Amino acid sequence: MIGVFTPIAILLGGVIALFAAYSYIKLGVYYKDEGASYSFYKKTFPKSPFAASLIGWWVIFGYISTLALYAYTFASYAISGFVFAEDEWVRKGVAGGVIAIFTIINLWSVRGMGKVEDVMVYSKLIILAIISFVLIYNRNTSIPVLLQNDNNKTILTIMIVASITFVAYEGFQLVTNAVNEMENPDKNIPKAIYSAIILAVSIYLIISLGAILAIPFDDIILNKEYALASGTENILGRWGTNLVILGALLATSSAISGTVFGASRQMAVIAKDGYFPALLAKRKNQIPVSAIITMSSFAFFLILVGDLEDILEFGSITFLLVSLMMAYANYTIRNNTNSSAFLTIIALFVLSASTVLILYFELTTQIFQIIFIGGLYILLTLGSWIFSRSRKNQLHNQ
């Protein structure tokens, strides 16, 4: 959509994420609850059970959508070198397989998952650094030339792209889900979240810069699910492609593992409060077994019924809305969380504007996607309403 201006959209997306993170950090340090956004809202507005239930359903299914997105991308890269690379059902099958693998790892043990995660993260960072250097070194054009040939993009379009791709930064929210396993959360929650966003932005900027300088835009658009692998093959041959594929598989694998770990614990907390089926609250050795299996199953279902763009935009809208509600909650108790009213108001404005931009884009260009996404929200709202009513009746009978 925006060609040479892609790094700018990535940078803007990072700025939006930093504003969203401000309230998460303040609320996370104040409440120290692994229920994260759901618990923050519930404790801030204790007389609004439906609102708490709604945000719980939204955020969990937002994580399920990102889980599906990561698995779908993993599968796209995993099969990119085979003759069946364009076979959608093979891709969906591989995506389901990788979800199953990391479901088993998360069911195994927290310590075991942590060790696997560490290896994947450090390995992928090394590989991404190599890929970035190789792409930039083998560039076949320059930014001034690209700007000259691609100068018809508007600021509005760049801002829309920054909003649509907000889901790329949502992982910072998972930090607060691990508060019970964390040492010194007052110090480590802000440190982890801010450094994660800054590192993510830096990596995305370098990778995107290398891509637009070394890979023709037509190739990136044609091979959108595995553009880096396809483009690197023309530069370095098969070994370069294999390196990119390995980096992508490690990147998406660690994202899958981290999402299953953090979001399943949040799901268990919500279920314990009665806003999800009680079965999902059960734990074995502190591991929410039923929540992990349920999340993974729904993610695979979403892969079967949706496509990459549907999943991406549903995730971005969801996390923008949830972040907006967190900013509102933080503003309400800003004196308790020692928050700046000025920064919180700016966050409210930025997050609201980003949500409106995605909806505007959907309504003007992707009407069928807005119907699909709207249908999901209707189902989620109905489910949250039913459970909030049931919970209200239980409390009344007690």
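Points worth noting:
- The single condition among (1) at pLDDT 90 or above; (2) surrounded by 13 or more Cβ atoms within 10 Å (Cβ to Cβ) that LEU156 does not satisfy is (2).
- Looking only at the range 83-98, and only at residues there that are assigned to a loop (DSSP other than H, G, I, E, B) and among the aliphatic types (A, V, I, L, M), the one that is surrounded by the most Cβ atoms within 10 Å (Cβ to Cβ): ALA85
- Considering the conditions (1) touching an Asp or Glu at 6+ places or on another chain (Cβ under 8 Å); (2) surrounded by fewer than 24 Cβ atoms within 10 Å (Cβ to Cβ); (3) charged (D, E, K, R), LYS42 is excluded by exactly one of them, (2).
- When the criteria are applied in full, ILE311 meets the requirement of being within 30 Å of VAL161 (Cα to Cα), touching a residue at least 12 places away in the same chain (Cβ under 8 Å), in a helix (DSSP H, G or I) and β-branched (Val, Ile, Thr).
- Taken over the range 127-178, residues that are in contact (Cβ under 8 Å) with a residue 40 or more places away in the chain, not in a helix (DSSP H, G or I) and not acidic (Asp, Glu) amount to 6.
- Residue count for the range 270-291 satisfying the condition of being in a helix (DSSP H, G or I), buried (at least 24 other Cβ atoms within 10 Å of the Cβ) and touching a residue at least 60 places away in the same chain (Cβ under 8 Å): 1.
- Looking at SER202, SER163, just one residue is within 19 Å of SER132 (Cα to Cα) and of a type in the set (S, T, N, Q), and that residue is SER202.
- Lone unmet requirement of (1) crowded, with 21+ Cβ neighbours inside 10 Å; (2) small (Gly, Ala, Ser); (3) in a helix (DSSP H, G or I) for SER80: (3)
- The sole residue among ILE189, ILE235 that is more than 25 Å from the chain's Cα centre (by Cα) and in contact (Cβ under 8 Å) with a residue 40 or more places away in the chain is ILE235.
- For the condition among the polar types (S, T, N, Q), more than 19 Å from LEU125 (Cα to Cα) and part of a helix (DSSP H, G or I), SER202 does not qualify.
The values are calculated or read from the model by the stated rules, or taken from the named source; none is laboratory data. Quick caveat: nothing in here was measured; it's all calculated off a predicted structure. Because the Cβ atoms are built from the backbone with ideal geometry, glycine has one as well, and the counts that use them run over all protein chains shown.
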